[in-house]
Amino acid sequence: MNEVAELLKVTPQTIYELRNSGKLPAIKNIGRVLFNVKDVYAFIGIEDEFTPYNYRQLKLENKKLATENDELKQKIRKVTSEMLVLVNEI
């Protein structure tokens with residue numbers, strides 16, 4: 001509760017009011033007042049773009065780019081070698 005109040009820069013009483021009005025849902029039936037991080041972020045307008053699915057997609061894209069980078073490096077080495085041969089022939 002206090003962490004959420006600090007994050008939002010409001011008093012704990014304001015957090016209770018937000019919870020009681022339904023604007024900031026709390027996790028129920030645990031004996032304490034806790035909030036889901038995603039609900040708090042959504043309340044303040046921060047979207048969580050790193051869902052498990054998005055994270056997997058990001059990893060796949062990263063792997064694809066690494067492969068493409070390696071291919072480009074090989075092509076650069078080949079062209080550089082060919083240029084050196086040409087320069088030595090002149």
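The values are calculated or read from the model by the stated rules, or taken from the named source; none is laboratory data. Treat the numbers as computed from the prediction; the structure is a model and nothing was measured. For neighbour counting, all protein chains shown are included, and Cβ atoms are generated from backbone atoms with ideal geometry for every residue, glycine included. Heavy atoms of the whole protein, side chains included, go into the accessibility calculation; ligands, DNA and RNA do not. Shrake-Rupley method; radii C 1.70, N 1.55, O 1.52, S 1.80 Å.
A few points about this structure:
- Answer from E3, E68 - the residue that is open to solvent by less than 100 Å² (accessible area, probe 1.4 Å), of a type in the set (D, E) and at pLDDT 90 or above: E68
Here is a yes/no grid of residues against (1) out of contact with any strand residue (DSSP E or B) (no Cβ under 8 Å at 6 or more places or on another chain); (2) not acidic (D, E):
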position	(1), (2)
N20	yes, yes
I27	no, yes
Y41	yes, yes
I46	yes, yes
L58	yes, yes
N62	yes, yes
L65	yes, yes
D70	yes, no
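- Qualifying positions in segment 9-43 - in contact with a Leu (Cβ under 7 Å, 6 or more places away or on another chain), open to solvent by 70 Å² or more (accessible area, probe 1.4 Å) and not in a strand (DSSP E or B): F43
- Among all residues of segment 50-63, there is none that is charged (D, E, K, R), within 30 Å of V4 (Cα to Cα) and outside any helix (DSSP H, G or I).
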